[in-house]
Amino acid sequence: MRNRYAETIDQQTTELLRKLNLLGIPVDVEGVAQKLGAEVVYGDLEDDMSGFLLREKGVVTIAVNKLHHPNRRRFTIAHECGHLYLHADQGDRLWVDKSYSTIFYRDSNSSSGDKLAEIQANQFAAGLLMPEVLLKEHLTQELSDVDIFRLALRCQVSEQAMTLRLLSLGMLATA
Ligand SMILES: [Zn+2]
């Protein structure tokens with residue numbers, strides 16, 4: 001079930017998109033990053049690395065693996081925006097994001113705080129790319145597989161990401 005923190009993040013992402021005047025799908029996620037003060041660069045990263053966020057002396061860089069699928073790159077940028085927006089209190093640091101696990105580069109024994117931060121960044125990414133308010137507009141009837149496919153296309157996310165998102169919002173009955 002949804003926890004209160006996930007709901008708070010959904011409110012934050014919706015407010016942020018409204019404030020930046022970017023609340024519309026597909027969400028201009030690179031525009032969000034830029035308006036948050038980050039420069040987005042596409043680089044040759046190791047295959048298992050999705051990207052990273054580097055905040056150093058007032059300069060913020062989001063690096064994305066240019067070889068990954070466009071939908072995945074969008075999710076990576078959104079995830080790094082989550083670190084940028086939610087974890088600003090941590091100041092200058094590097095967040096490295098690998099495919100299936102995420103690590104804090106300078107500390108291989110990442111703390112439970114860092115693991116929580118990764119979960120929060122993923123929730124932020126889902127909220128940013130698939131805004132709850134916009135998904136609700138499509139909730140006229142029970143969603144079929146084709147509807148999910150169309151929604152994923154419109155949001156430019158993977159079907160898997162959309163399915164998980166709808167499940168977590170309680171908009172999809174579990175099979
Ligand atoms: Zn991360």
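The values are calculated or read from the model by the stated rules, or taken from the named source; none is laboratory data. Predicted, not measured: the structure shown is a model, and the values here were computed from it. Cβ atoms come from the backbone with ideal geometry, glycine included; neighbour counts cover every protein chain shown.
What to note about this one:
- Residues in segment 73-100 that are within 14 Å of the ligand (Cβ to nearest atom), of a type outside the set (Val, Ile, Thr) and under 13 Å from the mean Cα position of the chain (by Cα): Phe75, Ala78, His79, Glu80, Cys81, Gly82, His83, Leu84, Tyr85, Leu86, Asp97.
- Residue identified as under 15 Å from the mean Cα position of the chain (by Cα), within 16 Å of the ligand (Cβ to nearest atom) and surrounded by 14 or more Cβ atoms within 10 Å (Cβ to Cβ) among Leu45, Leu23, Leu53, Leu16: Leu53
- Residue in segment 132-144 that is within 16 Å of the ligand (Cβ to nearest atom) and in contact (Cβ under 8 Å) with a residue 40 or more places away in the chain present: no
- Among the residues of segment 1-51, those identified as part of a loop (DSSP other than H, G, I, E, B), in contact with a helix residue (DSSP H, G or I) (Cβ under 7 Å, 6 or more places away or on another chain) and farther than 21 Å from Leu166 by Cβ are Leu20, Leu22, Leu36.
So that you can scan it fast, the table gives a plain yes or no per residue for (1) at pLDDT 90 or above; (2) touching a Gly at 6+ places or on another chain (Cβ under 7 Å); (3) in a helix (DSSP H, G or I):
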{"residue": "Ile103", "(1), (2), (3)": "no, no, no"}
{"residue": "Gly113", "(1), (2), (3)": "no, no, yes"}
{"residue": "Ala117", "(1), (2), (3)": "yes, no, yes"}
{"residue": "Gln120", "(1), (2), (3)": "yes, yes, yes"}
{"residue": "Gln123", "(1), (2), (3)": "yes, no, yes"}
{"residue": "Phe149", "(1), (2), (3)": "yes, no, yes"}
